[in-house]
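Written below as structure tokens is the structure these notes are about.
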Amino acid sequence: MNNRPFAGRTAAVIDLAKLRSNIANIKSRLKPGVEFIAVMKGDGYRHGIAGLYPTLKECGIDSYAVAIWEEGKMLRDAGATESILILGDTADDMLDEAAKYDLDLTVFSMEGAENMAAAARRAGKKQNVQIKLNTGMNRIGFPVCQESFDTIKKICEMDDLNVTGIFTHFARADEGDHTSARKQLDLYLHAVNELEKMGVVIPKHHVANSPAILMLPEAQLDAVRCGDILYGLTPSDDFDWKNSGLQEILSWYTYVAMVKEVPTGSEIGYGGTFVTERPTKIATLPVGFADGYSRYLSNKGKVIINGHEAPIIGRVCMDQCMADVTDIPDVQRGDTVTLLGEGMSIEDMANMLDTNVDVIVCNISVRVPRVYINGDI
């Protein structure tokens, strides 16, 4: 029976109705006037920038943040006119190209600022930049010290740059104990205060990421950067997620390609890592680790077929995997298989693989089509 909610071999199905619900839920948690920055890095956590943007626009998202300038271009190509912050570094030899797309670049050194200013002069316009402070994450950012304050003041005085914001990033806001996050917040506020004493007034202040939005409301400031929770991905084990009202917006499906029966003692897949202990009915599924279905799910994962759990047996191959459907009645070629969704959430799979939810969605390959729906299939 072909009851697939998609055409073809496989699809990641994105529910835009759930996205709208998540946005409304998040907005209800924000203080009046706080700007909603939607974080769209990793091609919208692999949900697809182009497919998501019209709904985000409809919901009144204020601005966007991405990791790299190419993702900023993707947003512009999708029609975005709002402010777009590039959270990471932009290589010096890409500054001329990035300057074409009206992006806010992150600056964390005088050398970087000078290179951005030179590119702005070549383009004949001012370059928007935002200052990144390092308050404890220790990736990129100015350390909080007087030398940095002096440098930031000089950057703010550069004719070819327009400093639009100053931000930092929490390293441990997802923990129930917020001692570390509050230290970072205090250090950030100290830096902003010291800069203002020097006459450096930067218009936008933001530090809160998804877990801070949920658990550290004092960190909201002028704006918040909303990533995980926008997509319904839980950012913390220390938050009551089940009662949050936030929902995963992505499900992932394939179908049964073949059903066969093998006798007791049959080796399944590469290396014979699974040997049947009874006559076994096997469904072969046309997805594998090249699609992002992790090889670490070999002999460990489960899928949902006709409302029943079916364990993955044998090694997950590059393009196929096998499931034991002995105890599921009437499984046929064409039956829908749920890889992620009802019965196997993204959080469930992350826990099974001892990783986080972002890894699961970001590993779903570009060869898996994204299909957008509004409401239940």
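The values are calculated or read from the model by the stated rules, or taken from the named source; none is laboratory data. Given the structure is predicted, the values throughout are model-derived calculations rather than measurements. Cβ sites come from the backbone with ideal geometry, for glycine too, and all protein chains shown count toward neighbours. SASA here: full protein model, heavy atoms, side chains in, ligands and nucleic acids out. Shrake-Rupley method; radii C 1.70, N 1.55, O 1.52, S 1.80 Å.
Please verify whether region 108-117 includes one or more residues that are hydrophobic (A, V, I, L, M, F, W, C), open to solvent by 20 Å² or more (accessible area, probe 1.4 Å) and in contact with a strand residue (DSSP E or B) (Cβ under 6 Å, 6 or more places away or on another chain). Yes, there is a match, as at least one residue in region 108-117 is hydrophobic (A, V, I, L, M, F, W, C), open to solvent by 20 Å² or more (accessible area, probe 1.4 Å) and in contact with a strand residue (DSSP E or B) (Cβ under 6 Å, 6 or more places away or on another chain).
Taking each residue of region 168-183 that is touching a residue at least 40 places away in the same chain (Cβ under 8 Å) and looking for partners that are among the basic types (Lys, Arg) with beta-carbon atoms closer than 6 Å, six or more apart or interchain, yields Ser180/Arg172.
Condition check for Asp104 on (1) surrounded by 23 or more Cβ atoms within 10 Å (Cβ to Cβ); (2) acidic (Asp, Glu); (3) farther than 22 Å from Ala223 by Cα: one failure, at (3). Of the numbered criteria (1) touching a residue at least 60 places away in the same chain (Cβ under 8 Å); (2) in contact with a helix residue (DSSP H, G or I) (Cβ under 9 Å, 6 or more places away or on another chain); (3) surrounded by 21 or more Cβ atoms within 10 Å (Cβ to Cβ); (4) over 19 Å from Pro5 (Cα atoms), the one Leu340 fails is (4).
Counting only helices (runs of 4 or more DSSP H) that sit completely within region 1-95, those holding 1 or more residues that are touching a helix residue (DSSP H, G or I) at 6+ places or on another chain (Cβ under 8 Å) and among the polar types (S, T, N, Q) correspond to 16-27, 49-58. Within this structure, Lys154 passes the test of being farther than 25 Å from Ala38 by Cβ, assigned to a helix (DSSP H, G or I), out of contact with any Pro (no Cβ under 6 Å at 6 or more places or on another chain) and open to solvent by 70 Å² or more (accessible area, probe 1.4 Å). Only strands (runs of 3 or more DSSP E) whose full extent lies in region 187-272 are considered here, and the ones with at least 2 residues that are under 24 Å from Glu35 (Cα atoms) are 204-208, 223-226.
If you go through region 353-369 and keep only what is more than 21 Å from Pro211 (Cβ to Cβ) and open to solvent by 50 Å² or more (accessible area, probe 1.4 Å), you end up with Asn363, Val366, Arg367, Pro369. Residues that are part of a helix (DSSP H, G or I) and out of contact with any strand residue (DSSP E or B) (no Cβ under 8 Å at 6 or more places or on another chain) were ranked within region 157-186; the one that is surrounded by the fewest Cβ atoms within 10 Å (Cβ to Cβ) is Thr179. Of all residues in region 305-321, those that are open to solvent by 20 Å² or more (accessible area, probe 1.4 Å) and either part of a strand (DSSP E or B) or over 13 Å from Leu339 (Cα atoms) (or both) total 7.
Take the conditions acidic (Asp, Glu), open to solvent by 10 Å² or more (accessible area, probe 1.4 Å) and over 18 Å from Val359 (Cα atoms) and apply them to Asp228. Does it pass? No; evaluated as a whole, the condition is false for this residue.
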